[in-house]
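Everything below concerns the one structure shown next.
The values are calculated or read from the model by the stated rules, or taken from the named source; none is laboratory data. Because the structure is a prediction, the values reported are computed rather than measured. Reconstructed Cβ throughout: ideal geometry from the backbone, glycine too, with neighbour counts over all protein chains shown. Areas reflect the complete protein model, heavy atoms only, side chains present, ligands, DNA and RNA absent. Shrake-Rupley method; radii C 1.70, N 1.55, O 1.52, S 1.80 Å.
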Amino acid sequence: MEGTVFTPCLEGMKNVKSEQGEMLTKPFLDLCKTILPVIDKFGAAMTLVKADIGGNISRLEKNYLSDPDKYKYLYTFVQGEIESKTAKGSSSCTNGLLWLTRAMDFLVELFRNLVAHQDWPMSQACGDSYQKTLKKWHGWLASSTFSMALKLAPDRKKFMDVISGSGDIYADMERFCTEFGPFLQENHKFLASVGLDDLKAS
C-alpha cells in the first residue's frame with residue numbers, strides 16, 4: 001500500500017471542520033471510518049471495539065442521512081436530543097457520539113503508547129490504554145469482556161509490519177495522535193458543557 005495504514009486518516013483530518021471551525025458531521029464520521037481498517041489488523045482482540053465503533057458510526061450516519069442539511073454540524077444531533085429529552089437514552093445519537101469518542105480516545109492512547117514505549121508488548125500497550133480511557137466508564141461485565149479480548153492482542157512486531165506499508169509508521173502514528181486528539185477533546189468539551197460527558201455503560 002502507498003503510505004501507511006494511517007495515510008487515509010491523515011488526509012481525512014483536513015476536512016473535518018468548516019471554515020468557521022465547526023465540526024462537520026459527515027467528514028468526522030468518514031474520518032472515524034478510515035480507522036476501521038487499522039483496527040482490523042488487530043484481529044480478534046479488537047472485535048468488540050470495531051463492532052462498537054461501527055455501530056455508533058452507523059447510528060449517527062443514519063440520522064445524518066435523514067436530513068443532511070439539518071445535521072450538517074456534528075453537535076446538532078445532541079442539541080436536538082436535549083430539547084426532546086432523549087439525549088440520555090441508550091440508543092440516542094448523543095450516546096453514540098459519546099461512545100464513539102471514547103473508543104477513539106482508547107485508540108489514540110494505544111497508538112501513543114506504541115510510539116512512546118517501543119519496548120512494550122502489544123498486550124501491555126492495550127491494557128495501559130484501556131486503564132486510562134475506557135475502564136472507568138465500563139461496568140464489571142464490559143470490563144471483564146474487554147480485558148479478556150485484549151489477551152488476544154497480536155504480536156507487536158507482526159502488527160507493526162502489517163500496518164507500515166511504504167511509509168514511516170511511527171511518524172504517521174504520532175501525527176495521527178497529535179492531530180486527531182484535539183477533535184476528541186472538543187467533543188468531550190461540548191458534551192461536558194451540556195452535562196452529558198459522564199454517562200456510564202449500563
- Item | Residues within region 120-145 that are at pLDDT 90 or above and either under 13 Å from Met46 (Cβ atoms) or open to solvent by 50 Å² or more (accessible area, probe 1.4 Å) (or both), tallied | 13
- With respect to the numbered conditions (1) open to solvent by 90 Å² or more (accessible area, probe 1.4 Å); (2) closer than 15 Å to Arg102 by Cα, which one is the sole condition not fulfilled by Asp161? (2)
- Note on the structure: Output for Cβ contacts, cut-off 7 Å, separation at least six or different chains, first residue closer than 14 Å to Gly181 by Cβ in region 93-114, second of a type in the set (Val, Ile, Thr) and open to solvent by 10 Å² or more (accessible area, probe 1.4 Å), reads Arg102/Thr133; Asp105/Thr133; Phe106/Thr133; Glu109/Thr133
- Query: Does any residue of region 44-52 turn out to be of a type in the set (Ser, Thr, Tyr) and open to solvent by 70 Å² or more (accessible area, probe 1.4 Å)?
  - Reply: yes
- Item | Residue among Ala149, Ala142, Ala171 that is without any contact (Cβ under 8 Å) to a residue 40 or more places away in the chain and of a type outside the set (Phe, Trp, Tyr) | Ala171
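Here's the yes/no breakdown for (1) hydrophobic (A, V, I, L, M, F, W, C); (2) assigned to a helix (DSSP H, G or I); (3) within 15 Å of the chain's Cα centre (by Cα):
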position	(1), (2), (3)
Met148	yes, yes, no
Lys157	no, yes, no
Asp161	no, yes, no
Met173	yes, yes, yes
Phe176	yes, yes, yes
Phe180	yes, yes, yes
His188	no, yes, yes
Leu199	yes, no, no
- Message: Kindly evaluate Thr101 against the criterion of being open to solvent by less than 20 Å² (accessible area, probe 1.4 Å), within 12 Å of the chain's Cα centre (by Cα) and not hydrophobic (A, V, I, L, M, F, W, C).
- Response: yes
- Task: Identify, from the list Lys72, Lys88, Lys33, the residue that is within 30 Å of Ser147 (Cβ to Cβ), in contact with a Ser or Thr (Cβ under 9 Å, 6 or more places away or on another chain) and basic (Lys, Arg).
- Result: Lys88
- In region 56-91, anything open to solvent by less than 40 Å² (accessible area, probe 1.4 Å) and either within 30 Å of Val162 (Cα to Cα) or among the β-branched types (Val, Ile, Thr) (or both) is listed as Asn56, Ile57, Thr76, Val78
- Message: Looking at region 1-30 only, could you name the residues that are touching a strand residue (DSSP E or B) at 6+ places or on another chain (Cβ under 8 Å) and either open to solvent by less than 10 Å² (accessible area, probe 1.4 Å) or closer than 29 Å to Lys151 by Cα (or both)?
- Response: Val16, Met23, Thr25
- Can you spot a residue in region 66-76 that is without any contact (Cβ under 8 Å) to a residue 60 or more places away in the chain and among the hydrophobic types (A, V, I, L, M, F, W, C)? no
